[in-house]
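Enquirer: This structure is in structure tokens; I'll ask about it shortly.
The values are calculated or read from the model by the stated rules, or taken from the named source; none is laboratory data. It should be emphasised that the depicted structure is a prediction, and the values quoted were computed from it without experimental measurement. So basically every Cβ, Gly included, is an ideal-geometry build from the backbone, and we count neighbours across all protein chains shown.
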Protein chains: 2
Amino acid sequence: MTRTRIPASAPGVESDVTRVAVSTVIFSLRRDAADCPRLVLPLVRRTRDPYDGLWALPGGWLDIAENLDDAASRTLAETTGLTPSYLEQLYAFGDVARSPTRVVSIVYWALLRADEVDAQVAAHASGGDAPENVAWFDVNDLPTLAFDHNQIVDYALWRLRNKAGYSRVAHGLMADTFTLAELREVYEAILGRRLDPANFRRQVENSGTLVRTDSFRTGNHRPARLYRPHRDVELADRGPLAATSSTHESSTT
Amino acid sequence: MTRTRIPASAPGVESDVTRVAVSTVIFSLRRDAADCPRLVLPLVRRTRDPYDGLWALPGGWLDIAENLDDAASRTLAETTGLTPSYLEQLYAFGDVARSPTRVVSIVYWALLRADEVDAQVAAHASGGDAPENVAWFDVNDLPTLAFDHNQIVDYALWRLRNKAGYSRVAHGLMADTFTLAELREVYEAILGRRLDPANFRRQVENSGTLVRTDSFRTGNHRPARLYRPHRDVELADRGPLAATSSTHESSTT
């Protein structure tokens with residue numbers, strides 16, 4: 001990859017100019033040592049000032065001839081190897097004090113299943129573009145991040161938890177079929193608290209969002225029925241914006 | 001008001017620089033000749049290129065030392081005299097083709113009751129700052145606007161209509177107490193279609209969002225019971241962002 005990037009502290013960058021950056025919050029699930037799913041996100045270690053050595057959200061500068069969505073996809077792929085099919089715009093962060101120079105960051109987010117993460121990173125690496133300085137962190141155990149990125153993650157978590165309450169957003173982290181216990185574990189990971197299994201089962205079964213399949217998960221426990229989402233999951237309905245979005249070219253092709 | 005503003009076509013503005021602007025969509029209600037409430041918004045006629053003579057959303061450039069929220073409040077007040085107590089960030093529009101030069105616009109929005117509009121404009125005008133070239137337009141009868149502002153309004157309307165479906169957002173346009181017929185008219189103005197009065201009454205009464213008062217609206221029709229919102233209306237819960245917001249100083253003081 002031979003894109004020219006403007007270093008954050010490039011000589012000649014005027015201090016009286018506001019620059020536009022993009023950053024991305026990617027939520028996924030990883031099972032911990034106790035086999036419980038944990039909500040995780042990828043961070044990139046900075047290798048230059050400001051905040052040299054600290055972890056930061058994946059991102060980079062907006063190119064002059066690049067749409068916002070495309071910049072988010074490109075910088076995410078360049079820094080992490082991740083190529084989600086869709087990134088949703090989350091919020092624009094632009095406080096004067098958030099960076100030593102004036103930077104407005106347009107933040108995007110997406111949910112990715114663990115198998116999607118693994119497949120995308122492997123495809124990216126096979127192109128000779130193994131991302132460096134990337135690690136996945138438990139959202140409940142983050143270090144101090146560069147810039148205002150802790151605040152950005154807090155906001156993204158709050159939006160995710162709000163969405164989880166009234167929509168099928170959690171399905172974006174599930175396989176095609178799943179047991180109610182598996183779904184409950186995902187909600188517990190998102191919400192950061194335990195849910196009563198009987199109450200959860202009743203609420204989900206009454207919600208009309210799931211369809212009972214005739215299949216069962218077997219294994220060490222007694223067989224558990226598998227469910228699937230009721231309709232095609234629309235995790236990100238952008239209304240009129242969807243029609244005008246530019247095509248995202250995968251940067252791994 | 002003696003702020004320096006950078007003209008859109010200022011000599012010396014480099015064409016390879018991305019600039020950041022703010023724009024605002026303010027929804028209010030005005031009664032038409034048939035006494036039906038219509039959803040309206042204020043537009044400002046441009047007096048320079050690009051799009052000289054066309055109507056555009058209120059807005060302006062982000063100052064280098066100004067937070068995004070503050071820029072939205074300031075430019076709205078300067079162009080229209082409106083000073084809503086809170087503006088919610090709607091979306092960042094940044095397509096390459098949306099303007100002759102590269103401009104990323106952070107768009108804010110708010111709902112204002114007609115009496116709030118009148119009071120704010122009057123207070124602003126008494127300071128000798130009567131806004132010029134401002135007019136209110138029915139959202140269903142907009143001319144061709146400058147830049148991508150028709151698309152921005154479409155997106156804001158879509159978000160408003162989505163919100164109206166599951167929240168108490170419409171209460172932001174209501175007086176402290178109101179009849180169910182008045183509330184239905186507001187929903188009809190937002191949604192752009194007629195609602196069945198009996199169905200509407202049943203849904204609202206079952207929603208738990210309203211409290212019946214002991215007062216009635218009297219006049220030409222038979223007395224109609226007045227309702228009020230069940231709790232303090234939280235039209236814009238921003239979660240963790242609320243704690244970090246800067247104070248908005250009214251530009252009319």
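Enquirer: Among the residues of segment A:50-64, is any over 19 Å from A:Phe147 (Cα atoms) and of a type outside the set (Lys, Arg)?
Expert: Quick first cut of segment A:50-64, residues over 19 Å from A:Phe147 (Cα atoms) only: A:63-64.
Add one more test, that the residue is of a type outside the set (Lys, Arg), and what stays is A:63-64.
Yes: segment A:50-64 contains one or more residues that are over 19 Å from A:Phe147 (Cα atoms) and of a type outside the set (Lys, Arg).
Enquirer: Oh, and also: Would you check if A:Val134 is touching a helix residue (DSSP H, G or I) at 6+ places or on another chain (Cβ under 7 Å) and either more than 10 Å from chain B (Cβ to nearest Cβ) or basic (Lys, Arg) (or both)?
Expert: Values: touching a helix residue (DSSP H, G or I) at 6+ places or on another chain (Cβ under 7 Å): yes; either more than 10 Å from chain B (Cβ to nearest Cβ) or basic (Lys, Arg) (or both): yes.
Yes.
Enquirer: Here's another thing I want to ask about it. Identify, please: which residue in segment A:68-79 is within 14 Å of chain B (Cβ to nearest Cβ) and aliphatic (A, V, I, L, M) and is, among those, surrounded by the most Cβ atoms within 10 Å (Cβ to Cβ)?
Expert: Here the residue is A:Ala72.
Enquirer: Filter segment B:119-149 down to residues that are touching a Leu at 6+ places or on another chain (Cβ under 9 Å), within 24 Å of B:Arg193 (Cβ to Cβ) and either small (Gly, Ala, Ser) or loosely packed, with under 15 Cβ neighbours inside 10 Å (or both), then give me how many there are.
Expert: Summing the residues that are touching a Leu at 6+ places or on another chain (Cβ under 9 Å), within 24 Å of B:Arg193 (Cβ to Cβ) and either small (Gly, Ala, Ser) or loosely packed, with under 15 Cβ neighbours inside 10 Å (or both) in segment B:119-149 gives 3.
Enquirer: Sticking with this one: Exactly one of these conditions fails for B:Leu29: (1) touching a Pro at 6+ places or on another chain (Cβ under 7 Å); (2) modelled with pLDDT of 95 or more. Give me its number.
Expert: Only one criterion is unmet by B:Leu29, namely (2).
Enquirer: Taking segment B:80-125 as the region of interest, how many residues are within 14 Å of chain A (Cβ to nearest Cβ) and of a type in the set (Lys, Arg)?
Expert: 2
Enquirer: Scan segment B:23-67 residue by residue and report those that are in a loop (DSSP other than H, G, I, E, B) and within 14 Å of another protein chain (Cβ to nearest Cβ).
Expert: B:Leu62, B:Asp63, B:Ile64, B:Ala65, B:Glu66, B:Asn67
Enquirer: Between residues in segment B:204-227 that are over 17 Å from B:Glu185 (Cα atoms) and residues that are aliphatic (A, V, I, L, M), which pairs lie under 9 Å by C-beta distance while being six or more apart or on different chains?
Expert: B:Arg212/B:Leu226; B:Thr213/B:Leu226; B:Asp214/B:Leu226; B:Ser215/B:Leu226; B:Phe216/B:Ala224; B:Phe216/B:Leu226; B:Thr218/B:Ala224
Enquirer: Oh, and also: Just to check your reading of the model, which residue among A:Phe200, A:Phe178, A:Phe216, A:Phe147 is of a type in the set (A, V, I, L, M, F, W, C) and on the phi > 0 side of the Ramachandran plot?
Expert: A:Phe147
Enquirer: Look through A:Trp158, A:Trp109 and report the one residue that is in contact with a strand residue (DSSP E or B) (Cβ under 9 Å, 6 or more places away or on another chain) and assigned by TED's automatic domain parsing to the domain that holds A:Arg30.
Expert: From the options A:Trp158, A:Trp109, the qualifying one is A:Trp109.
Enquirer: Considering segment B:76-106 alone, what residues qualify as being assigned to a strand (DSSP E or B) and farther than 22 Å from B:Arg30 by Cβ?
Expert: Answer for segment B:76-106, where residues must be assigned to a strand (DSSP E or B) and farther than 22 Å from B:Arg30 by Cβ: B:Gln89, B:Tyr91, B:Ala92, B:Phe93, B:Val103, B:Val104, B:Ser105, B:Ile106.
Enquirer: Same structure again: Just need a number here: residues in segment B:135-188 that are of a type in the set (A, V, I, L, M) and part of a loop (DSSP other than H, G, I, E, B).
Expert: 5
Enquirer: Within segment A:151-209, can you find the residues that are closer than 21 Å to A:Ile26 by Cα, surrounded by 13 or more Cβ atoms within 10 Å (Cβ to Cβ) and among the acidic types (Asp, Glu)? Spell out how you get there, then give the answer.
Expert: Our first condition is that a residue be closer than 21 Å to A:Ile26 by Cα; within segment A:151-209, this holds for A:151-176, A:182-193.
Next cut, surrounded by 13 or more Cβ atoms within 10 Å (Cβ to Cβ) only: A:151-164, A:167-174, A:182-191.
Passing the criteria: A:Asp154, A:Glu182, A:Glu185, A:Glu188.
Enquirer: Which residue, of A:Leu180, A:Leu157, is within 13 Å of chain B (Cβ to nearest Cβ) and at pLDDT 90 or above?
Expert: After applying the criteria, what remains is A:Leu157.
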